[in-house]
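Everything on this sheet refers to the single structure shown next.
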Amino acid sequence: EEEINAYKKKHRIHAIGADVPDPVVTFHQLNGDYGLNQTIIDNMKGCGLETPTPIQMQAIPVMMERREILACAPTGSGKTAAFLLPVLCHLKTPQKNGFRALILSPTRELAKQTYRECMRISDGLGFRIHYINKVSTAIDKFGPKSSQRFDILVTTPNRLIFMLKQEPPAIDLKNIEWLIVDESDKLFEDGKTGFREQLAEIFKACDSTNVRRAFFSATFTYDVEEWCKLNLDNVVQVYIGARNS
Ligand code: ADP
Ligand code: ADP
Ligand code: MG
């Protein structure tokens, strides 16, 4: 216990919540502790990702235990892999039940970057990972008449809402197990006030009883914290460094 607290202090990991799991020290440990596929760990190594960053140390075990999370860590500190590893672990193998993980990004450029990182980390596992480029193509690709051989969707919110609003809806989110809101501080910024309503709409469409939600951002914002405390289930908050930097 004391040892763990010293370790958290050293890496400036602050975790708030009930029964927070201990941070992991290595990626390898995730194989024994949570059954993370060795291929993923090898892919990480192949990309030069050898040792978990502080946000990865703490956020990964939290999500592995299927806890809802609000995670804040500086830009460039590896938040993408922090949410992708638990998502890939829980999806286990490709299925044909439609999308089971949804990642919301504030910009199309970020959505593409996240898509690419997801492809790299999951290389060799056969997951069908997509991002919505043209809405008209997406309607044919993902609509009710499609094969439903998809696993992970990365998108900006507007185009997803547009698809959900089609009659009948052009995409089905009922099998979503993980909803990731990346750069949640940007999505909640002033001038994007519509995002709260969009998010409510997306939440409503992800109506599986076991859907889990994770919020990641570079900065602590009071609005997002309040929103998460109000709307998430027994949320764990993870902050790296000073809470307001
Ligand atoms: P953030 O979302 O926190 O801004 P990213 O997830 O985009 O950060 O990661 C920034 C860079 O760090 C990427 O190039 C990524 O591949 C790299 N990276 C991620 N995790 C690690 C790690 N454990 N060790 C070394 N580099 C890493
Ligand atoms: P995003 O934030 O998703 O990148 P964009 O700025 O690309 O949003 O604009 C996408 C928006 O434009 C959608 O929310 C939708 O309302 C509208 N839109 C996109 N494609 C079409 C289409 N094929 N037909 C009608 N409206 C569309
Ligand atoms: Mg990021």
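The values are calculated or read from the model by the stated rules, or taken from the named source; none is laboratory data. Worth saying up front: this structure is predicted, and the values here are computed from it rather than measured. A quick note on method: Cβ atoms are made from the backbone with ideal geometry, for glycine too, and the neighbour counts reach across all protein chains shown. We work out accessible area using only protein heavy atoms, side chains counted, and drop any ligands, DNA or RNA first. Shrake-Rupley method; radii C 1.70, N 1.55, O 1.52, S 1.80 Å.
Using modelled amide H (1.01 Å from N, peptide plane; none on Pro or chain starts), what sits under 5 Å from the amide H of Val236, excluding residues fewer than 5 places away?
It is Glu68, Ile69, Leu70, by chain and number.
Could you work out how much longer the chain between Gln95 and His130 gets when fully extended? Use 0.36 nm per residue separation minus the Cα distance between them, nm to one decimal.
Taking 0.36 nm per residue and subtracting the Cα distance, the gain is 11.2 nm.
So, counting K/R as plus one and D/E as minus one, what does the shell of residues with Cβ under 15 Å around Ala18 add up to?
-2
Using Cα atoms only, what is the angle between the long axis of helix 108-121 and the major principal axis of the chain, expressed in degrees (0 to 90) to the nearest 10?
Its long axis makes an angle of about 70 degrees.
Along region 45-55, what does the Karplus equation 6.51 cos²θ - 1.76 cosθ + 1.60 (θ = phi - 60°) give for ³J(HN,Hα), rounded to whole Hz, x for Gly and Pro?
4, x, 8, x, 9, 9, 10, x, 7, x, 5
Determine the relative contact order of the chain: mean sequence separation of Cα pairs under 8 Å and six or more apart, normalised by residue count, in whole percent.
28
All other residues with a Cβ under 11 Å from the Cβ of Ala218 taken together, and with Lys, Arg as +1 and Asp, Glu as -1, what is their net charge?
-1
Provide the gained length on full extension for the span Gln38 to Asp223, in nm with one decimal, where the gain is 0.36 nm per separating residue minus the Cα-Cα distance.
Once the chain is fully extended between Gln38 and Asp223, it gains 62.8 nm.
At what distance in angstrom do the alpha carbon centres of region 23-56 and region 131-208 lie from each other?
Here the two parts' Cα centres lie 29 Å apart.
What is the gain in length, in nm to one decimal, between Glu167 and Gln113 on full extension, counting 0.36 nm per residue of separation less the C-alpha to C-alpha distance?
16.4 nm
Calculate how many DSSP beta bridges within the chain are antiparallel, expressed in % of all such bridges and rounded to the nearest 5.
In the chain, DSSP labels about 15 percent of beta bridges as antiparallel.
Residues with beta-carbon under 11 Å from that of Asn43, excluding Asn43: net charge, scoring Lys, Arg +1 and Asp, Glu -1?
In short, -1.
In Å², what does the accessible area per residue of region 1-151 work out to with a 1.4 Å probe?
49
³J(HN,Hα) across region 196-210 via Karplus (A = 6.51, B = -1.76, C = 1.60, θ = phi - 60°), whole Hz, x for Gly/Pro?
Here the 3J(HN,Hα) series is 4, 5, 4, 5, 4, 5, 5, 4, 4, 6, 8, 9, 5, 5, 10 Hz.
With all protein chains present, how much of the accessible area of the chain (probe radius 1.4 Å) comes from carbon and sulfur, to the nearest whole percent? Let's see the in-between values first.
Working: 5600 of 11640 Å².
Here it works out to 48 percent.
Compute the long axis of helix 222-231 from its Cα atoms, compare it with the longest principal axis of the Cα atoms of the chain, and write down the angle in degrees, 0 to 90, nearest 10.
The helix 222-231 is inclined about 70 degrees to the chain.
For the chain, what does -39500 (n - 2.57) per DSSP helix run (n ≥ 4), summed and divided by total residues, give at 222 nm, in deg cm²/dmol to the nearest 500?
Rounded to the nearest 500, it is -12000 deg cm²/dmol.
Can you give me the long-range amide H partners of Phe220? Hydrogens built in the peptide plane at 1.01 Å from N, cutoff under 5 Å, separation of 5 or more residues or another chain.
Result for Phe220 returns Ser245.
How high is the relative contact order of region 1-116? Use alpha-carbon pairs under 8 Å, at least six apart in sequence, and give a whole percent.
Relative contact order here is 22 percent.
Would you kindly derive the ³J(HN,Hα) couplings of region 23-39 from the backbone phi angles with the Karplus curve 6.51 cos²θ - 1.76 cosθ + 1.60 (θ = phi - 60°), listing them in order in whole Hz, with x for Gly and Pro?
Couplings: x, 9, 9, 10, 5, 4, 3, 5, 5, x, 6, 10, x, 5, 3, 4, 4 Hz.
Please tell me the relative contact order of region 89-152 in percent, rounded to the nearest whole number, where contacts are Cα pairs under 8 Å and at least six residues apart.
Numbers: 63 pairs, mean separation 36.1, N = 64.
Relative contact order comes out at 56 percent.
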